[in-house]
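Asks: Shown below is the structure under consideration.
The values are calculated or read from the model by the stated rules, or taken from the named source; none is laboratory data. What you are looking at is a predicted structure, and each value in this text was computed from that prediction instead of being measured. Cβ placement follows ideal geometry from the backbone for every residue including glycine, while neighbour counts extend to all protein chains displayed.
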Amino acid sequence: MIKACNITKNSVVEIAGAPHTVENIVVQTPSARGGATLYKIRFRNIKTQQKVDQTLRGDDPFKEADFDTREVQYLYKNGDIYTFMDVEDYSQFELNEADIEDAIPYLVEDMEGITALMSDGRVLCIRMPDVVEMKIEQCDPSIKGASATARNKPATMTTGLTVLVPEYISQGEVIRVDTRTKAFVSRA
């Protein structure tokens with residue numbers, strides 16, 4: 001059992017017999033003494049992708065879900081099927097586009113650092129790293145003398161994802177993108 005106060009982002013717990021991953025945690029202390037700290041947690045069902053929001057006290061218990069994590073590499077796409085390879089034993093598995101739709105804008109061929117959650121030898125879902133490096137396919141030309149605090153402009157990545165970047169960034173550069181917020185982080 002794990003207490004609500006010990007749950008972290010990307011933890012996997014069991015709710016009503018189904019594994020759920022933690023997407024977001026907001027800690028609230030309504031009183032100045034801190035005796036009634038509340039944890040507002042957004043869970044996502046790994047199998048059905050449904051969201052579950054709960055407000056909990058710090059000592060509310062959860063059962064940890066039984067699963068394995070494996071580091072995988074994205075290989076290629078064939079139609080609506082995405083092929084991944086386990087980096088430990090080099091076995092390959094395929095996932096449908098509908099199963100990984102949140103990760104698709106960040107998938108670049110031969111990408112490593114992806115984690116697969118597995119249960120009973122079956123892949124439940126994949127988890128992208130918090131920050132990925134992507135190449136800019138198209139954006140407006142950079143403006144000479146533009147500063148980091150200047151306006152932003154849209155840039156389209158090689159995967160089709162559009163991210164707002166500072167004006168000094170130019171086409172062809174590799175940037176770091178936060179997969180949780182779809183936001184520009186820095187140059188790579």
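Asks: Does residue 144 count as on the phi < 0 side of the Ramachandran plot and modelled with pLDDT of 90 or more?
Replies: It is false that residue 144 is on the phi < 0 side of the Ramachandran plot and modelled with pLDDT of 90 or more.
Asks: Which residues, taken from the range 88-145, are part of a helix (DSSP H, G or I) and either surrounded by 14 or more Cβ atoms within 10 Å (Cβ to Cβ) or within 12 Å of the chain's Cα centre (by Cα) (or both)?
Replies: The answer is 99, 100, 104, 105, 106.
Asks: Quick one: how many residues across the range 103-129 are without any contact (Cβ under 8 Å) to a residue 12 or more places away in the chain and either in contact with a helix residue (DSSP H, G or I) (Cβ under 6 Å, 6 or more places away or on another chain) or on the phi < 0 side of the Ramachandran plot (or both)?
Replies: Looking only at that region, the number is 1.
Asks: Kindly check whether there is at least one residue in the range 47-59 that is part of a loop (DSSP other than H, G, I, E, B), at pLDDT below 85, in the same structural domain as residue 29 (by TED's automatic domain parsing) and hydroxyl-bearing (Ser, Thr, Tyr).
Replies: Checked against the condition, which is being part of a loop (DSSP other than H, G, I, E, B), at pLDDT below 85, in the same structural domain as residue 29 (by TED's automatic domain parsing) and hydroxyl-bearing (Ser, Thr, Tyr), the range 47-59 yields at least one hit.
Asks: Go through the range 32-81 and count every residue that is touching a residue at least 60 places away in the same chain (Cβ under 8 Å), closer than 22 Å to residue 105 by Cα and either touching a Gly at 6+ places or on another chain (Cβ under 7 Å) or aromatic (Phe, Trp, Tyr) (or both).
Replies: 0
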